[in-house]
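A short write-up of the structure that comes next.
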Amino acid sequence: MSAGAMILEPAAEGYPAGPAPKAGRVAENLACVELHFHSEAHDEIEAALELYTDDIVWEAPAPNGLNRSYSGKQAVAEGYRELFASMANVRFQPLQWFATEDRVVDDSIVTFEVVRDGYWPHFSAGQRIEMRLVHIFEMRDGKISKEIVFDMGRPVEPAGRVTAGA
């Protein structure tokens, strides 16, 4: 497994292990986002890109988080490469998700180790991070047309205690 590869933890209660057996667009949207996360978990950036529209917009607007955005598949791919190169030992714990005919919302907790300085504006190499991560996916024609990421993280010690001053 590469440094950027992720491990998906078992689903929490209320968070399906896969798309709910619903008919129509809602089920298609859930399946698309599930494949997106699967591709990310296996460090398959190109496979994840196939699930985006050509005019994809990816943004993380929180000023105390990543605070950046990308437009177009190639820009998003480069952003993912930088992101995955900055992290190791990534674990996702899904909390809940739901979908409508034009959106999917995901709420998770992710933990990871920062392995290089420069990508994360508020974290340093060697820090272990716990982050609440909320995604809002806007869907169009069965693909992701916009991914909005709200990242709310803090450094933690290995035992799960918050680092002093965080």
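The values are calculated or read from the model by the stated rules, or taken from the named source; none is laboratory data. Since we're looking at a predicted model, the values are computed, not measured. Ideal geometry is used to build each Cβ from the backbone, glycine not excepted, and the neighbour counts take in all protein chains shown.
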(request) Check off (1) surrounded by fewer than 17 Cβ atoms within 10 Å (Cβ to Cβ); (2) touching a helix residue (DSSP H, G or I) at 6+ places or on another chain (Cβ under 6 Å); (3) at pLDDT below 85 for residue 4 and give me the number that stays unchecked. (result) (1)
(request) Report, by residue number, each residue of the stretch 92-106 that is of a type in the set (D, E, K, R) and either more than 17 Å from residue 66 (Cβ to Cβ) or part of a loop (DSSP other than H, G, I, E, B) (or both). (result) 101, 102, 103
(message) Given the options 75, 88, name the one that is assigned to a strand (DSSP E or B), of a type in the set (Gly, Ala, Ser) and either more than 11 Å from the chain's Cα centre (by Cα) or surrounded by 18 or more Cβ atoms within 10 Å (Cβ to Cβ) (or both).
(response) 88
(request) Determine which member of the set 48, 62 is of a type in the set (A, V, I, L, M), touching a residue at least 24 places away in the same chain (Cβ under 8 Å) and assigned to a loop (DSSP other than H, G, I, E, B). (result) 62
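Let's see how each residue does on (1) under 16 Å from the mean Cα position of the chain (by Cα); (2) closer than 20 Å to residue 92 by Cα; (3) modelled with pLDDT of 95 or more:
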| residue | (1), (2), (3) |
| --- | --- |
| 106 | yes, yes, yes |
| 114 | yes, yes, yes |
| 118 | no, no, no |
| 122 | no, no, no |
| 128 | no, yes, yes |
| 132 | yes, yes, yes |
| 135 | yes, yes, yes |
| 145 | yes, no, yes |
(message) I'd like the full set of residues that are among the acidic types (Asp, Glu) and not in a loop (DSSP other than H, G, I, E, B), limited to the stretch 128-144.
(response) 130, 138
(message) Testing residue 125 on (1) surrounded by fewer than 16 Cβ atoms within 10 Å (Cβ to Cβ); (2) assigned to a strand (DSSP E or B); (3) of a type in the set (A, V, I, L, M), one condition comes back false. Which one is that?
(response) (2)
(message) Return the residues of the stretch 37-85 that are modelled with pLDDT of 90 or more, touching a His at 6+ places or on another chain (Cβ under 9 Å) and of a type outside the set (Phe, Trp, Tyr); say none if nothing qualifies.
(response) 51
(request) Only residues in the stretch 22-38 that are loosely packed, with under 15 Cβ neighbours inside 10 Å count as the first member; pair them with residues that are at pLDDT 90 or above, Cβ under 9 angstrom, at least 6 apart or cross-chain, and list the lot. (result) 22/30; 22/99; 24/101; 27/99
